[in-house]
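Chemist: Once you've had a glance at the structure underneath, I'll fire off some questions.
Throughout, read-outs are computed from the coordinates displayed, never taken from laboratory work. Quick caveat: nothing in here was measured; it's all calculated off a predicted structure. For neighbour counting, all protein chains shown are included, and Cβ atoms are generated from backbone atoms with ideal geometry for every residue, glycine included.
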């Protein structure tokens, strides 16, 4: 085969292979993934979770057909595979053999699909094994059909059940490979989850990039909504189109979760924007928008929510409700640091919301202590958790310590996906919210005890506000925390930015209009 | 439950429920789908393919989890289900009971998922059965758990293998439902495919809308590429971002297939833009772009390809190659009408390309008859078919008559997905192309016979052109055909439009700059 058929591996100035989406985007050195494998091998060997020579088998993502058609659903690499190999091509599997004498404590083998001539015509030049080896910095590359683990001393693969979905990892990609001398893989699952939870230097750069791109895209969308405020033909999904365009232009075609692009009373549905409610209501000038959208880069995702008035000006009621939620953001971010239990942060946030709504609007008629004891905010106003781990998955792994699960009996922690003491290097969301959902309000007002603790007239007057969520992506630092997104959050800044009275550059904050 | 929790069904002025994505988009009366069911029932009864009372069971699409996470892949309704019911909600199934005494020759039952309180908090107001019945114009609505077909006289479901993917329909959505007295469903598959192939009045309007939105989006993208012609930081995917934004702003968030957004030599890979080649090359001012992208509306998709020079000006070589392909488009569209065999159109297109490339560039040294006899264009320059059926799937069903399959022995028809006599109401693509793929050129030049029939110097000089495809979506009319997209196609019009010397409004064509 002549040379022009062999693609080149992109290398940076120091000759390291990298992932990027072009000159204006972030370059990620792919040795990062070898480092992840090294850490995995070290952890497994150190704690004797698997004997020397064990071969860990990992299943990469495969393209899934759209029903019986010849098109495919969107593709994202499987997250554990991405963490350990960073391979963008579908249809691969890999092994990590534990070897304490090797420089990186393991030997890695990547198995790639073998393609025929049809591929060279339809899909592009066939990448030889050497291309994969050089690009992904692995010890060996073989074809998927060449796997033979029959001589392995022991084998292992990830065994565990995702705490957010309830789906067993084993249900992913059932490639027909028989593993002999197979050891239990639940410790592997725990170790990988814990490794993924603490982001290293390169991963932090990726999360920063995803958050800055998301911030720019949100800013552009806020302005676009303001410019369209008098357009009666505008639909909720137009804001989503704007956000996705801005992300895609900077190499983030994928979003880490379905865009929630609601307006007005739709804001009260926490996971709006799914196929049965596809952001398809028309937007009114008086609507508060709640936009929960996050750009993804190299499979790491941001998760950012902005709430703002279409008109560029909060009504008095919208402002009081918004500032009640913002107070909870500030209360948490002021104190969040390693060693604090996130369950306490969640309880703190719901208390602040109760206090603020009462101070500002006389919402609760009972003492705040009783309101918290009955978990009225968690039950009726913020029926989701304060936040969750963030990384390769939007609801990332390791929200609870190994062996621990959500406490379903404590109603004050309803829906909390992150219930553990936080550590330096965690990236998590801080996203208090307050929703005026007619269904929950009816339930509340017909409750024999809880109905007596709230001013129903005030409560029902809030229904048109819909709902508010303010969601930051936060890195836990050595002695505190750092918000990775950069977006106007105060009522004054939001109004000034939307109306063009100030500028805002993610990473640099606000400035005067030139 | 109070009324404000019950969503309303959108109805048009004449009180018919419809699908639309807002004021600026197309309204589709949902009775269209009842009409599709009526036609199905009539065909089954008339040809005695199933006895009176047979219950046809149909499986709607379900959300698919992204591996073990709690996010889901993008959603599109399953195509046969969409054709017969037009239901946008995932997780439904349905039955059509044949009944010649009923007004529409059948009784339809839609089975919808039953949701609990969590849905009302997280996803949105729970739609009652009456909402589904009114919206989708079915005879009865029950919950999925309420299915009981044990008393059915006979049952049937679609049985067949998609000709393009090779996937059996039975592999779609294996919901645990036992069908008793089950009849063979292969005739049902054939009948549905034939029904889907002839578009009715409402379907033609949808295809027109998808094609006009796609045309606008392509036009905007051409201009954006021209404006960016000197920007060395532009990547292939920026054009894709532009197209998708324009589509999404008009209610077409989905595209019917992965966007092919190549530039320069990438153009030679027919299905570029997949996850392993994600439109991630940088674009040079001298590159010819080949953009194959189609917007989807109500699950019906357009499929349009534009080829144009980034610089706004074709080089001499690019122009000669482009006009050779354009001549094939014109030759086919001038004569295409009911009664013609599409295989003859395919052969005509490849002959015209051979003739033009020889007239203009002296490419072939052998007589054109020998070139066609040896199928050199089909083998080495245009290794795909001239076109395919288009509709709910991009490679839509019924490309061959019931019981017929692709002729794999005739190399002149390589890859042709549409091999039958065309009828009024078909919507299909006319998409001749010409690609200078180094892999195929090497193969050609080392062939003992074929290498002597071509001027190798000319052939190799064309490699930097990459490839050209010009793809129209065409409706077969009573006595001819009508192109549904509206985009500048001649070299002169493309250059004038890109450079801002003329305007172009899809549906109205070109006009002077105001």
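Chemist: Which whole-angstrom value gives the distance between the alpha carbon centres of segment A:452-514 and segment B:397-470?
Modeler: 56
Chemist: Please give the average number of partner chain Cβ atoms lying within 10 Å of the Cβ of each residue in B:234-241, rounded to a whole number. All intermediate terms of the calculation are to be shown ahead of the outcome.
Modeler: Values: counts 4, 9, 1, 7, 6, 0, 3, 10.
Mean partner shielding for this stretch: 5.
Chemist: Of all beta bridges DSSP finds with both residues in segment B:18-196, what is the antiparallel percent, to the nearest 5? Please list the in-between numbers first.
Modeler: Details: 15 of 24 bridges.
In segment B:18-196, approximately 60 percent of DSSP beta bridges are antiparallel ones.
Chemist: Based only on the alpha carbon positions, what is the Kirkwood hydrodynamic radius of segment B:10-67, in angstrom? Write out the running numbers ahead of the final one.
Modeler: Numbers: mean 1/r = 0.0681 Å⁻¹.
Evaluated on segment B:10-67, it is 14.7 Å.
Chemist: Taking the label point 7 Å from Cα in the Cβ direction, how far apart in nm is residue A:424 from each other copy of itself, listed shortest first?
Modeler: Its label point is 7.9 nm from the equivalent points in the other copies.
Chemist: What shape does segment B:315-483 have by the C-alpha gyration tensor, where a ≥ b ≥ c are the square roots of the eigenvalues, rounded means a/c under 1.5, and otherwise prolate means a/b greater than b/c and oblate the rest? All intermediate terms of the calculation are to be shown ahead of the outcome.
Modeler: Working: a/c = 2.10, a/b = 1.67, b/c = 1.26.
Cα axes put segment B:315-483 in the prolate bin.
Chemist: Another question, if that's okay. Percent relative contact order of segment A:315-483, based on C-alpha pairs within less than 8 angstrom and at least six residues apart? Before the final figure, lay out each step's value.
Modeler: Details: 305 pairs, mean separation 51.6, N = 169.
In percent, rounded to a whole number, it is 31.
Chemist: Using the basic label-point model (7 angstrom from Cα toward the beta carbon), what is the residue B:184 to residue A:171 distance in nanometres?
Modeler: 3.6
Chemist: At 0.36 nm per residue, minus the direct Cα-Cα distance, what do residue B:100 and residue B:334 gain on full extension? Give it in nm, one decimal, please. If you can, show how the numbers build up before the last one.
Modeler: Values: separation 234, 0.36 × 234 = 84.24 nm, distance 4.32 nm.
Using 0.36 nm per residue and subtracting the Cα-Cα distance, I get 79.9 nm.
Chemist: Quick one: in chain A, what % of C-alpha pairs are over 39 Å apart? Don't skip to the answer; put the middle values down first.
Modeler: On the way: 39847 of 131841 pairs.
Every Cα pair in chain A considered, those over 39 Å come to 30 percent.
Chemist: Which whole-angstrom value gives the distance between the alpha carbon centres of segment A:126-202 and segment B:53-115?
Modeler: Between the Cα centres of segment A:126-202 and segment B:53-115 lies a distance of 37 Å.
Chemist: Would you mind computing, in nm to one decimal, how far apart the modelled labels at residue A:146 and residue B:117 are, each placed 7 Å from Cα along Cα→Cβ?
Modeler: Placing both labels 7 Å beyond Cα along the Cβ direction yields 5.9 nm.
Chemist: Peptide B:302-308: average number of partner chain Cβ atoms within 10 Å per residue?
Modeler: Working: counts 0, 0, 0, 0, 0, 0, 0.
The mean count of partner-chain Cβ atoms within 10 Å per residue comes to 0.
Chemist: Starting from the Cα gyration tensor of segment B:226-384, take the square roots of the eigenvalues, sort them a ≥ b ≥ c, and report rounded, prolate or oblate (rounded when a/c is under 1.5, otherwise prolate if a/b is larger than b/c, else oblate). It would help to have the intermediate numbers written out before the result.
Modeler: Numbers: a/c = 2.22, a/b = 1.40, b/c = 1.59.
Oblate, since a/c reaches 1.5 and b/c is not below a/b.
Chemist: From the square roots a ≥ b ≥ c of the eigenvalues of the alpha-carbon gyration tensor of segment B:93-157, which class results: rounded (a/c under 1.5), prolate (a/b over b/c), or oblate? Walk me through the numbers on the way to the answer.
Modeler: Working: a/c = 3.86, a/b = 1.87, b/c = 2.07.
Taking the square roots of the gyration eigenvalues as a ≥ b ≥ c, segment B:93-157 is oblate.
Chemist: Testing the spin-label approximation: label points 7 Å from Cα along Cα→Cβ at residue A:161 and residue A:492. State their distance in nm.
Modeler: Taking the simple label geometry, residue A:161 and residue A:492 are separated by 5.2 nm.
Chemist: What ranking do B:143, A:83, A:18 get, fewest neighbouring Cβ atoms within 10 angstrom at the top?
Modeler: Numbers: B:143 12, A:83 24, A:18 18.
Sorted ascending by nearby Cβ count, the order is B:143, A:18, A:83.
Chemist: Can you give me the angle between helix B:31-46 and the longest principal axis of chain B, using Cα atoms only, in degrees from 0 to 90, rounded to the nearest 10?
Modeler: Approximately 80 degrees, to the nearest 10.
Chemist: OK, next. Averaged across A:265-276, how many Cβ atoms of other chains sit within 10 Å of each residue's Cβ atom?
Modeler: For peptide A:265-276, the averaged partner shielding equals 5.
Chemist: Using all Cα-Cα distances in the protein assembly as shown, what percent lands in each 20 angstrom bin from 0 up to the longest?
Modeler: 12, 41, 37, 9, 0
Chemist: Roughly how tilted is helix A:186-197, in degrees to the nearest 10 and between 0 and 90, from the longest Cα axis of chain A?
Modeler: 60
Chemist: Here is a follow-up. Taking a label point 7 Å from Cα toward Cβ, how far is residue A:492 from its twins in the other copies, in nm, shortest first?
Modeler: Result for residue A:492, in nm, nearest copy first: 6.3.
Chemist: Does anyone have the angle between helix B:316-335 and the longest principal axis of chain B? Alpha-carbon axes, 0 to 90°, nearest 10?
Modeler: 50
Chemist: For a quick protection proxy, order the peptides B:454-465, B:58-69, A:400-411 by their average other-Cβ count within 10 Å, most packed first.
Modeler: On the way: B:454-465: 16.7, B:58-69: 21.1, A:400-411: 12.2.
Descending mean neighbour count gives B:58-69, B:454-465, A:400-411.
Chemist: Which order do the peptides A:257-269, A:195-207 come out in when sorted by mean C-beta neighbours inside 10 angstrom, highest first?
Modeler: On the way: A:257-269: 24.5, A:195-207: 18.5.
Output ranking for A:257-269, A:195-207: A:257-269, A:195-207.
Chemist: With r defined as the distance between the Cβ atoms of residue A:319 and residue A:129 and R0 fixed at 60 Å, what FRET efficiency is calculated, to the nearest 0.05?
Modeler: Working: r = 61 Å, r/R0 = 1.02.
Result of the calculation: an efficiency of 0.45.
Chemist: Over the alpha-carbon set of segment B:160-229, work out the extent along each principal axis and list the three values in angstrom, largest first.
Modeler: Largest to smallest, the principal-axis extents are 63, 28, 21 Å.
Chemist: In nm, what does the list of distances from residue B:51 to its counterparts in the other copies look like, shortest first, when each label sits 7 Å along Cα to Cβ?
Modeler: 6.6
Chemist: Taking the Cα centroid of segment A:254-300 and of segment B:246-280, what is the distance between the two, rounded to the nearest whole Å?
Modeler: 25
Chemist: Just how many % of Cα pairs in segment A:18-196 lie over 24 Å apart, if you round to the nearest whole percent? Working shown, then result.
Modeler: Values: 6218 of 15931 pairs.
Tail of the P(r) past 24 Å holds 39 percent of the pairs.
Chemist: Order the peptides B:438-448, A:476-486, B:217-227 from the highest to the lowest mean number of other Cβ atoms within 10 Å of their residues. Intermediate values should be presented prior to the final figure.
Modeler: Working: B:438-448: 15.9, A:476-486: 17.8, B:217-227: 21.5.
Most protected by this proxy first, the peptides run B:217-227, A:476-486, B:438-448.
Chemist: For an R0 of 22 angstrom, estimate the FRET efficiency from the Cβ-Cβ distance between residue B:446 and residue B:365 and round to the nearest 0.05.
Modeler: Efficiency, from the Cβ-Cβ distance: 0.85.
Chemist: Here's another thing I want to ask about it. Distances over 16 Å make up what percent of all Cα-Cα pairs in segment A:468-514?
Modeler: Working: 510 of 1081 pairs.
Roughly 47 percent, rounded to a whole number.
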